[in-house]
1. May I ask you to compute the full-extension gain from residue 223 to residue 63, defined as 0.36 nm times their residue separation minus their alpha-carbon distance, rounded to one decimal in nm?
2. Among the aspartates and glutamates, which have Cα under 19 Å from the Cα of residue 397 when same-chain residues fewer than 8 positions away are ignored?
3. Hand me the chymotrypsin sites (Phe, Trp or Tyr not before Pro) from the stretch 122-172 located in a DSSP loop with no more than 11 other Cβ atoms within 10 Å, in residue order please.
4. Under a cut-off of 24 Å between alpha-carbon atoms, report the lysines in cross-link reach of residue 51, not counting same-chain residues fewer than 8 places apart.
5. Work out the length of the dipole vector of the stretch 290-360 about its Cα centre, built from +1 on the beta-carbon of each Lys and Arg and -1 on the beta-carbon of each Asp and Glu, and round it to the nearest 20 debye.
6. Estimate the FRET efficiency between residue 436 and residue 241 by the formula 1/(1 + (r/R0)^6), using the beta-carbon distance for r and 41 Å for R0, to the nearest 0.05.
7. On a straight-distance basis, which lysines could pair with residue 461 in a cross-link, Cα separation under 16 angstrom, same-chain partners fewer than 8 positions away excluded?
8. Mind checking the stretch 138-184 for trypsin sites (Lys or Arg not before Pro) that DSSP puts in a loop (not H, G, I, E or B) and that have at most 11 other Cβ atoms within 10 Å?
Amino acid sequence: MLDFAIFAVTFVIILIGAVLYLYPSSRSASGVPGLNPTEEKDGNLPDIVNKGSLHEFLVGLHDEFGSVASFWFGGRPVVSLGAVDQLRQHINPNWTTDSFETMLKSLLGYRSGSGVGVTESMIRKKVYEGAINKTLDNNFPLLLQLVEELVDKWAFYPKSQHTPLCAHLLGLAMKAVTQLAMGSRFRDDAEIIQFRKNHEAIWSEIGKGYLDGSLEKSSSRKAHYESALAEMESVLKSVAKQKCGQGSSQSSFVNYLLQAKLTERQVMEDGMVFTLAGCVITANLCIWAVHFLSVSEAVQERLYHELVEVLGEEPITLEKIPQLRYCQQVLNETVRTAKLTPMAARLQEVEGKVDQHVIPKETLVIYALGVVLQDADTWSLPYRFNPDRFADESVMKSFSLLGFSGNQACPELRFAYTVAAVLLSTLVRRLRLHRVEGQVVEARYELVTTPKDDTWITVSKRN
């Protein structure tokens, strides 16, 4: 079944392959309705660039051609699925690979899961997921401390002061991920600042530079990207060596990978995936959740009453998080409304069929999640922020099918949900969140949906 994390990294890699190894433009899209190539060499790439993002292109594509539609990368046909019923037909419940990890490692030039035996791949995946779970279990007090430090800072702000969500919550995510992943070394602000610079250099190019081909056309940008990647790899290798010398008493993510007897190279690769993806997913889930609460006073107050009822005045614990049912609904609705990951993809391993359409082997199949998450046939009033919709079991089944909930959600998303639950439980019990009048928040659709510009709120103390 679909992991949350199999989003556009696959798309980016196939695009690179399409640009470098163009297929003949006469290849058939198997009769799937869709666009003809705009250009023989680039297919519909100019249309995607003109729309501003792949997500916005897919919205128009499915509006015109329906829930199963096709377009072209270079001379290669691509099939996009834009409705739950069609995704249900295509998703294979026996898939065991984590496509996000596989594709991100491929993009970074690491050895992916391809060519590795199923047993070895599953063991490696379980080690990775187990390391994240153990890291949260044993470092929860540190996570709570980091959140409380931020909320304490906000509590001193006058109500008139605008609080920049993106800057502050990306900072929280960076501190949480780096300290839980790599230990006390990243309590040093200088280490955090350098990590943030390298992270931004790498992620921005993964999100855009590869997509539009601009990275390969700019030697200076490519050099900057490669330098940032090399420096982050060096830091992760250094941390792994240091942890090896400290024994097994430490409780960071890297330590748990080492305890599982992964090699230094494997530890570095898994550390890179977790720190890159974990920071971006965690930060943006928190940013969008706080933003939506600031513009929905009724939802904010209902969440406050649940938090008080379940937690009283006590700090949140891992054991209490599952009891916060409405908080979970708020986070689910945040993922849906923000279209947190607007696309996913898989390479068709064997010939398949969706509706009456045959999908040939090795066809790239896009899951247009951003389209599905706003589909009026699946979600009533889809553009309204309404956490109550997730009290409906059928809605939860659709959400789980897309890989955003349950045991099949990727570990980075489960980590992000935990951080967000700690943040909201601490923040909403102490402060009221207010929107800034006249502010228009627009989204940037890349691998993870982010605000185009920093988003602002004001806060006031609860009586």
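1. Numbers: separation 160, 0.36 × 160 = 57.60 nm, distance 4.00 nm.
Length gained, residue 223 through residue 63: 53.6 nm.
2. Filter leaves 3, 85, 333, 375, 377, 388.
3. 156
4. Output for residue 51: 41, 208, 217, 339, 452.
5. Numbers: 7 positive and 11 negative charges, 68 e Å.
Magnitude of the dipole: close to 320 debye.
6. Once the sixth-power term is evaluated, E becomes 0.30.
7. Within reach: 153, 159.
8. In loop regions of the stretch 138-184 (DSSP not H, G, I, E or B), the sparsely surrounded trypsin sites (Lys or Arg not before Pro) are 159.
The values are calculated or read from the model by the stated rules, or taken from the named source; none is laboratory data. Since this is a predicted model, take the numbers as computed values, not measurements. Note: ideal-geometry Cβ built from the backbone for every residue, glycine included; neighbour counts use all protein chains shown. Accessible surface areas use protein heavy atoms only, side chains included; no ligands, DNA or RNA. Shrake-Rupley method; radii C 1.70, N 1.55, O 1.52, S 1.80 Å.
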